[in-house]
Amino acid sequence: MPSPTPPSVTRRQKVLVRGLRLEACIGIHEHERGRTQALAIDVEIDLSEQRVLDLSDTVNYEAVVSAACAIAAEGHIDLVETFAERLAEACLAHSGAWRVRVLVLKPEALAPDAEAAGVELILERQAT
């Protein structure tokens, strides 16, 4: 059994999904409609200070991947910002999550001039 954390220690724990690659129908331009594009996604979920002893105490990273895939499967999305917002909200719905950072990149959006274009969104629960 793990020893208890001393009272003077603050616990900071994150669930991470890095470099998730998926295809989505996304974009506002005519040439982006009716086809999929690659997305590269990073997610960081800050957890409450409680100790994680089993899966129910944390956010299952497989659920993060499933949520991203489900959003992509819903159909065409105009803005990367909309995709990021939906994914961040899905992650923040877990009771143990208090802050979520989602980075969504379109690697081909500005090729060959830039490596990628995208958006980073941070949602945080307000203390009550």
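Observations, loosely collected:
- Residues in segment 75-84 include at least one that is of a type in the set (D, E, K, R), surrounded by fewer than 16 Cβ atoms within 10 Å (Cβ to Cβ) and not in a loop (DSSP other than H, G, I, E, B).
- Complete set of residues in segment 37-70 that are part of a loop (DSSP other than H, G, I, E, B) and either of a type outside the set (Val, Ile, Thr) or at pLDDT 95 or above (or both): Ser48, Glu49, Gln50, Arg51, Leu53, Asp54, Asn60
- Residue identified as under 22 Å from Leu47 (Cβ atoms), of a type outside the set (Ser, Thr, Tyr) and either touching a residue at least 12 places away in the same chain (Cβ under 8 Å) or open to solvent by less than 40 Å² (accessible area, probe 1.4 Å) (or both) among Leu105, Leu92: Leu92
- Condition met for Ile71 (open to solvent by 40 Å² or more (accessible area, probe 1.4 Å) and under 12 Å from the mean Cα position of the chain (by Cα)): no
- The single condition among (1) under 25 Å from Val9 (Cα atoms); (2) surrounded by 13 or more Cβ atoms within 10 Å (Cβ to Cβ); (3) over 17 Å from the mean Cα position of the chain (by Cα) that Trp98 does not satisfy is (3).
- Val9 vs. criteria β-branched (Val, Ile, Thr) and open to solvent by 70 Å² or more (accessible area, probe 1.4 Å): yes
- Residue match in segment 50-63 (condition: of a type in the set (S, T, N, Q) and surrounded by 15 or more Cβ atoms within 10 Å (Cβ to Cβ)): yes
- Subset of segment 86-103 (residues that are part of a strand (DSSP E or B) and in contact with a Leu (Cβ under 6 Å, 6 or more places away or on another chain)): Val100, Val102
The values are calculated or read from the model by the stated rules, or taken from the named source; none is laboratory data. Note that the coordinates shown come from a computational prediction; the quantities given were computed from them, not determined experimentally. Note: ideal-geometry Cβ built from the backbone for every residue, glycine included; neighbour counts use all protein chains shown. Heavy atoms of the whole protein, side chains included, go into the accessibility calculation; ligands, DNA and RNA do not. Shrake-Rupley method; radii C 1.70, N 1.55, O 1.52, S 1.80 Å.
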